[in-house]
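Written below as structure tokens is the structure these notes are about.
The values are calculated or read from the model by the stated rules, or taken from the named source; none is laboratory data. Note that the coordinates shown come from a computational prediction; the quantities given were computed from them, not determined experimentally. Positions of Cβ are generated from backbone atoms using ideal geometry, with glycine treated the same way; all protein chains shown enter the neighbour counts. All accessible areas refer to the heavy atoms of the entire protein, side chains included, with ligands and DNA or RNA removed. Shrake-Rupley method; radii C 1.70, N 1.55, O 1.52, S 1.80 Å.
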Amino acid sequence: MRTIKFLLQKEFRQIFRDRAIVAMVIVMPVMQLLILPLAANYEVKNVNVAVIDNDHSSYSQKLITKITSSGYFRLTGYDFSFKQAYKLIESDDADLILEIPHGFERNLVRENEQKLFVAVNAINGTKANLGSVYLLNVIQDFNSDVRLQFIQPGKFNQQPTIYIDSSNWFNPLLNYHVFMVPGILAVLVTMIGGFLSALNIVKEKEVGTIEQINVTPIKKYHFILGKLIPFWILGNVVFTLGLLVGWLVYGITPVGSLLLMYGFIAVYLLAVLGFGLLISTFCESQQQAMFVMFFFLMIFILMGGLFTSIDSMPDWAKTVTKFNPVSYLIEVMRMIMLKGSGLKNILSQLGFIALFAVVFNSLAIYNYKKTS
């Protein structure tokens, strides 16, 4: 214990000696939590639409009014030909083109049907997909309103009608901040713990102090513990700051147990820090360690379920995510913070993370070459 105590004193002095790093560790996560949840929004708004109205009837005007008043579309062009409207797509001033043909109102009234033409700028796949779905829903609502005007009361369908009342559990208002903040906090804790631990042993190699440590009678596991514990504490500090920002700025309070969250984070940090220290034992320079950790973190984050649902991934990607510790943390954070899940509900995720922690730290201790 005395050996670990002296190592911890050395590490904390080394950490606090560089005040810029301390400020970055504390300020950077707070700033990212203030900015990213406001920007990361899955709801597509302000879709630019150009309309070609060849009918100029009261019905076509009602349709255009219904589209622009939906809150999702901005009318950026009211053109007389498709060629003019297409120029707006080429200049990125329009995402959709809606062409209303001649006789739109007449065909609706007389023949009870009419086709519309919709062209979609599919460069941005997400915006194109959602924007076209929004537009089709608005057109369907308009079509229902028109049909109701011409159906006589006696001609209504007498068959039973099913009405659906839906409710949104755990996030009643579909607030994206509630959904994104736990996931972003999980990513920030991973980035801070992973990068700092990955650069630590390598820094000792570059400065030359690793040679002095190697000639001392310090055990290998003492050395790894001395490197791990300070960043484990810093990781918990970052997590606490993130919870405070989520509460004070976004009004998000964990529904589940805070103690359970900190317990899971404690085990998770052991896994991430162990992975970073393992990378650090292989690398000879901070640049190497930084790029290797960046490579793995990009995969962890993009395949962790923060931006893309794991259920929608192909089977091979779902298999890869089983070896992704970030996916377990994001899932557990949302389960505890939003659903109020208990220990029994997260036992499988906790078991996988504990296994990662044992494997990564054991490999880091084994791979550390204590040679003079």
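Observations on the structure shown:
- Residues in the range 177-215 that are in contact with a helix residue (DSSP H, G or I) (Cβ under 8 Å, 6 or more places away or on another chain) and modelled with pLDDT under 80: Ile210, Ile213.
- Filter result for the condition that a residue is part of a loop (DSSP other than H, G, I, E, B), of a type in the set (Gly, Ala, Ser) and assigned by TED's automatic domain parsing to the domain that holds Thr190, over Gly351, Gly304: Gly304
- Options Met290, Met337, Met333: the member that is open to solvent by 30 Å² or more (accessible area, probe 1.4 Å), at pLDDT below 95 and within 20 Å of Gly193 (Cβ to Cβ): Met290
- Taking each residue of the range 120-149 that is in contact (Cβ under 8 Å) with a residue 24 or more places away in the chain and looking for partners that are part of a helix (DSSP H, G or I) and of a type in the set (Ser, Thr, Tyr) with beta-carbon atoms closer than 6 Å, six or more apart or interchain, yields Val120/Ser132.
- For Arg17: the one exception among (1) closer than 30 Å to Ile252 by Cα; (2) open to solvent by 80 Å² or more (accessible area, probe 1.4 Å): (1)
- Residues satisfying the stated conditions in the range 15-59, i.e. more than 30 Å from Phe73 (Cα to Cα) and among the β-branched types (Val, Ile, Thr): Ile15, Ile21, Val22, Val25, Ile26, Val27, Val30
- Set Leu38, Leu88, Leu63: member being of a type outside the set (D, E, K, R) and at pLDDT 90 or above: Leu63
- Checking each residue in the range 307-326 for being assigned to a loop (DSSP other than H, G, I, E, B), of a type outside the set (S, T, N, Q) and without any contact (Cβ under 8 Å) to a residue 60 or more places away in the chain picks out Met313, Pro314, Lys322, Phe323.
- Of all the numbered requirements in (1) under 17 Å from Asn48 (Cα atoms); (2) surrounded by 15 or more Cβ atoms within 10 Å (Cβ to Cβ); (3) at pLDDT 90 or above, Phe117 misses one, and that requirement is (2).
- Flag if Leu269 is open to solvent by less than 10 Å² (accessible area, probe 1.4 Å), farther than 23 Å from Leu33 by Cα and either assigned to a helix (DSSP H, G or I) or modelled with pLDDT under 95 (or both): no
- Within the range 95-114, considering residues that are touching a Gly at 6+ places or on another chain (Cβ under 9 Å) and closer than 13 Å to Val49 by Cα, the one surrounded by the fewest Cβ atoms within 10 Å (Cβ to Cβ): Ile97
- Residue match in the range 47-63 (condition: closer than 30 Å to Thr216 by Cα, part of a loop (DSSP other than H, G, I, E, B) and open to solvent by 60 Å² or more (accessible area, probe 1.4 Å)): no
- Members of the range 72-94 found to be in a loop (DSSP other than H, G, I, E, B) and open to solvent by 50 Å² or more (accessible area, probe 1.4 Å), listed by number: Tyr72, Phe80, Ser91, Asp92, Asp93
- Check on Leu329, in contact (Cβ under 8 Å) with a residue 40 or more places away in the chain, assigned to a helix (DSSP H, G or I), under 15 Å from the mean Cα position of the chain (by Cα) and in the same structural domain as Gly276 (by TED's automatic domain parsing): yes
- Taken residue by residue, the range 224-240 has at least one member that is farther than 12 Å from Met333 by Cα, free of Cβ contacts under 8 Å to residues at least 24 places away in the same chain and under 24 Å from the mean Cα position of the chain (by Cα).
- Only one of the listed residues (Phe323, Phe300) is of a type outside the set (Lys, Arg), farther than 30 Å from Gly208 by Cβ and open to solvent by 80 Å² or more (accessible area, probe 1.4 Å). That residue is Phe323.
- Within the range 214-272, tally of residues that are among the small types (Gly, Ala, Ser) and in contact with an Asp or Glu (Cβ under 9 Å, 6 or more places away or on another chain): 1
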